[in-house]
Amino acid sequence: MKRIAPIALVLAMVAVACGDDDATTTTAAATTTTAAATTTTAAGTTTTEDDGTAARVAAAQELEGDYEGEWHNTTFNSMGPVEASIAVDPAAASATLTLDLGGNVFGFPDPDPLTVVIDLSEEGPYEFTTDLFGDAELSVGEDGVFTFTAFSIDQLTGASLEVEGTVSAAGWDLVYTILNPAGSVFAEGTLEAAPAG
C-alpha cells in the first residue's frame with residue numbers, strides 16, 4: 001500500500017494550530033523601555049517560541065498512532081484501503097506522517113507509500129514535494145480544519161487536488177476534489193480512517 005501525503009499533512013496542520021504571536025508583539029514593546037527590560041524581554045521571547053513549539057508537539061502527540069480506513073472516488077465509484085501512521089519525536093520537535101493508499105490511485109496501480117517529516121518548530125503552512133502529488137502545501141485553520149493542496153499532479157496532466165476536513169485521535173473525515181487545469185471538477189471523493197486495532 002502507499003502512503004498519502006495529504007493526510008499526513010493534515011495531521012501536521014493540526015499539530016501546528018497552536019501559536020502566540022501576541023506575546024512576541026508585547027515583548028517588542030518591553031524591549032523599547034530599558035536595557036534591563038530588553039534582557040528580560042529576550043528571555044520572554046525565547047520562552048514564547050518554545051511554548052509554541054511545545055504546543056505543536058503536544059497536539060501532534062494526541063494524534064500519534066496507526067490509522068486505517070478507505071478512500072472512495074464518488075465520481076468514478078473506485079475505492080481502496082488506507083493505512084496511515086503518525087510518529088512524534090519530541091526531542092527533535094518533528095512529526096513523521098506516513099500514508100499508504102491502496103488500489104488504483106489516479107487510475108494508476110497502487111502507488112508507493114509516502115512519508116513526510118514535519119518540522120514542528122515552525123508554523124505552517126508546510127510546503128513539500130512528493131513523487132505522487134508533486135508540489136503541495138498543507139495548512140490548518142483556527143477552527144482545526146486542515147487543507148491540503150497539490151498544485152499540479154503529473155499523472156493527471158496537471159490537474160490539482162484539494163483535500164479538506166478534520167483529523168483527530170478518534171478518526172479522520174476528509175473530502176477531496178480533483179480539478180482540471182482549467183478549473184472544472186474532474187472527480188470528487190472521501191477518505192475516512194479510524195484508529196487501527
Check: Does region 167-188 contain any residue that is modelled with pLDDT under 90, in a loop (DSSP other than H, G, I, E, B) and at positive phi?
Finding: no
Margin query: I'm trying to understand the selection: among the residues of region 87-102, which are assigned to a strand (DSSP E or B) and within 19 Å of Phe133 (Cα to Cα)?
Written below: Thr96, Leu97, Thr98, Leu99, Asp100, Leu101
Next item on the list: Scan region 170-178 and give yes if some residue there is of a type in the set (D, E, K, R), touching a Gly at 6+ places or on another chain (Cβ under 7 Å) and either farther than 20 Å from Gln61 by Cβ or free of Cβ contacts under 8 Å to residues at least 40 places away in the same chain (or both), otherwise no.
Entry: yes
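With β-branched (Val, Ile, Thr), surrounded by 17 or more Cβ atoms within 10 Å (Cβ to Cβ) and modelled with pLDDT under 85 as the only criterion, which of Val16, Val82 stands out?
Numbers: Val82 fails: modelled with pLDDT under 85.
Result: Val16 is the single residue among Val16, Val82 that is β-branched (Val, Ile, Thr), surrounded by 17 or more Cβ atoms within 10 Å (Cβ to Cβ) and modelled with pLDDT under 85.
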Checklist line | Residue ID - nearest to Ala95 (Cα to Cα), chosen from residues in region 138-165 that are of a type in the set (S, T, N, Q) and either touching a residue at least 40 places away in the same chain (Cβ under 8 Å) or buried (at least 16 other Cβ atoms within 10 Å of the Cβ) (or both) | finding: Ser139
Next item on the list: State whether the residues of region 124-134 include one that is crowded, with 18+ Cβ neighbours inside 10 Å and under 16 Å from Tyr67 (Cα atoms).
Entry: no
Margin query: Please determine whether any residue of region 87-100 is at pLDDT below 90 and either farther than 19 Å from Trp71 by Cα or out of contact with any helix residue (DSSP H, G or I) (no Cβ under 6 Å at 6 or more places or on another chain) (or both).
Written below: no
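Could you tell me how many of the residues in region 103-137 are outside any strand (DSSP E or B), of a type in the set (Asp, Glu) and either over 20 Å from Glu192 (Cα atoms) or free of Cβ contacts under 8 Å to residues at least 40 places away in the same chain (or both)?
Of all residues in region 103-137, those outside any strand (DSSP E or B) come to 103-104, 106-107, 109-113, 120-125, 131-133.
Those still in the list that are of a type in the set (Asp, Glu) too: 110, 112, 122-123, 131.
Next cut, either over 20 Å from Glu192 (Cα atoms) or free of Cβ contacts under 8 Å to residues at least 40 places away in the same chain (or both) only: 122-123, 131.
Selection size over region 103-137: 3.
Report yes if Ser94 is farther than 17 Å from Leu191 by Cβ, of a type in the set (Gly, Ala, Ser) and either exposed (fewer than 15 other Cβ atoms within 10 Å of the Cβ) or touching a Gly at 6+ places or on another chain (Cβ under 9 Å) (or both), otherwise no.
Details: farther than 17 Å from Leu191 by Cβ: yes; of a type in the set (Gly, Ala, Ser): yes; either exposed (fewer than 15 other Cβ atoms within 10 Å of the Cβ) or touching a Gly at 6+ places or on another chain (Cβ under 9 Å) (or both): no.
It is false that Ser94 is farther than 17 Å from Leu191 by Cβ, of a type in the set (Gly, Ala, Ser) and either exposed (fewer than 15 other Cβ atoms within 10 Å of the Cβ) or touching a Gly at 6+ places or on another chain (Cβ under 9 Å) (or both).
The values are calculated or read from the model by the stated rules, or taken from the named source; none is laboratory data. None of these values were measured; they are calculated from a predicted model. Reconstructed Cβ throughout: ideal geometry from the backbone, glycine too, with neighbour counts over all protein chains shown.
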